[in-house]
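The values are calculated or read from the model by the stated rules, or taken from the named source; none is laboratory data. Just so it is clear, the model here is predicted, and its values are computed rather than measured. Glycine also receives a Cβ, built like all others from the backbone with ideal geometry; neighbour counts cover every protein chain displayed. The area values use the complete protein model at the heavy-atom level, side chains included, leaving out ligands, DNA and RNA. Shrake-Rupley method; radii C 1.70, N 1.55, O 1.52, S 1.80 Å.
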Amino acid sequence: MEPIRYRDDIEVPAPDEEATVRRIVERMGATQAQNAAHHRHAHRDAHAKSHAVVKGHLKVHEGLPAELAQGIFAEPRTYEVVARLSSAPGDIHTDEIPAPRGFALKVIGVDGERLSPELGGHNQDFLMVNFPTLAFGTVNKYEDMLDILEKNAGNPAAAQKAVAAAARGVEKLVTGLGRKPDATVQGLANDNSHMLGETYYTQAALRYGDHVAKMSIAPTGEVAELTGKDVGDEFDAMRTAVARHFMTKGASYEMRAQLCTDLNEMPVEDAAVLWDEETSPFRTVATLTFEAQDVYSPARRVAGDDELAFNPWNGVEAHRPLGSIMRVRKAAYDASSKRRHDMNVVERREPESLADIAD
Ligand code: HEM
């Protein structure tokens, strides 16, 4: 099937969306401020715990067909990248509690019209989590999830379980409507697998030049052998496993695009709907490589946690984030990063090259 062409009217905001977005951002901000008071240091509103900050390269493949040679993947070239690996909760919990894992990728020095010129720089961020869908895939469902998190704030393990249970309810709803069930439920109930062996997804859709896509990275070579390997359950088990790997070895991933071929079957407004890979497979567009390095030196940790910010809206128009959950993220990431940088008295800066990020 042919990929659909991007049009501005693909997105259909809900009539009361602005008010919902305002409430979500305020509530998340209050939790962030509370956590900052507790730690005497501000962290991210989500994905607060980092496991590694890794420098590498992204090589766009030669000879891509026209529908894949789009946006920053239009020409075969190699970009510098920096990635921050994290766990999803907005506070720093022990790795004994299973949590979704984050892979935030910053592609440095891309060309094209900027989505948010006020953020400065010339970089393209792709934020990915190790499940293909987001169970709370619209702003309204996301607000429901905040209720659960806030009610269980004192008990992170219970909060994770409650969110997983609620996600199961969402799954039933989604299945009942004749959609494919989402994978988040399975993941939340899951394990402590080595995060370098996981496959990561943008979950929500984005513009892919003339088309619309979801992006993903999948491990290859030696990190593919880590898929499903348990890292144990100490407080810092994940950071230890990732840092140990990078002391002697590198890592590589295929970056892939799944093009939307049917807006009814593959909607952009609800990130809980799985796009069927049989209808439209993920197709490789670039290779991501990281050499062996010290990924959690004190300088790297400060660069990743305090200085850098990753944001789906930090990028080019050719990769505009699409749909309800992407629109709420614009205000949410701006507010979280601003509060974090202000409270820690650290300047937010976009790197111009890898040399700008300390080792
Ligand atoms: C499509 C689903 C989503 C994905 C794949 C995703 C992924 C991520 C990742 C990987 C990070 C860590 C970034 C880093 O390392 O700096 C992050 C941070 C964050 N996420 Fe999300 N996220 C999603 C949805 C949301 C939603 C719906 C909200 C809020 C309404 C949200 C709020 C945040 C905030 C506030 C941060 C911290 C930003 C900062 O202070 O720099 N995310 N997200």
Pick from 126, 73, 103: which is most flexible by mean-square fluctuation in a GNM of the chain where alpha carbon atoms under 10 Å apart are linked?
-> 73
Accessible heavy-atom area order of 342, 334, highest first, probe of 1.4 Å | 342, 334
Given only helices, namely DSSP H runs of n ≥ 4 each adding -39500 (n - 2.57), what is the per-residue ellipticity at 222 nm of the chain, to the nearest 500 deg cm²/dmol?
-> -9000 deg cm²/dmol
Förster radius 35 Å - calculated FRET efficiency between residue 16 and residue 263, Cβ distance, rounded to 0.05 = 0.95
Within region 280-359, which GluC sites (Glu not before Pro) sit in a loop by DSSP and count at most 16 neighbouring Cβ atoms inside 10 Å?
-> 291, 347, 352
Average accessible surface area per residue within region 245-356, 1.4 Å rolling probe, Å² = 39
Along the charge dipole of the chain, which of 299, 266, 82 sits closest to the positive end, that is, farthest toward it, with unit charges on the beta carbon of Lys, Arg, Asp and Glu (+1, +1, -1, -1)?
-> 299
Where the centre of each part is set by its Cα atoms, how far does region 102-135 sit from region 2-43, in angstrom?
-> 16
Taking amide H positions as placed in the peptide plane 1.01 Å from N, state which residues far from residue 210 in sequence (5 or more) or on other chains have amide H under 5 Å from it.
-> 71
Whole-number accessible area per residue in Å² for region 1-144, which is evaluated in the context of all protein chains at 1.4 Å = 44
Read phi for every residue in region 76-91 and hand back ³J(HN,Hα) as whole Hz from Karplus 6.51 cos²θ - 1.76 cosθ + 1.60, θ = phi - 60°, with x for Gly and Pro.
-> x, 8, 10, 9, 7, 9, 10, 10, 10, 9, 8, 10, 5, x, x, 9
Using +1 on the beta carbon of Lys and Arg, -1 on that of Asp and Glu, and nothing else charged, what's the dipole of region 8-352 about the Cα centre, debye to 20?
-> 780
Convex hull of the chain built on C-alpha atoms - directionally averaged projected area, nm² = 16.4
Normalised contact order of region 8-352, rounded percent, pairs of Cα under 8 Å and 6 or more residues apart | 25
Among 149, 206, 85, whose mean-square fluctuation peaks in a Gaussian network model of the chain (Cα, cutoff 10 Å)?
-> 149
16 Å Cα cut-off, lysine pairs counted over the chain (separation 8 or more, or different chains) = 8
If you average the sequence gap of Cα pairs under 8 Å that are 6 or more apart and divide by the length of region 216-337, what percent do you get for the contact order?
-> 27
Apportionment of accessible area to carbon and sulfur, region 8-352, percent (1.4 Å) = 51
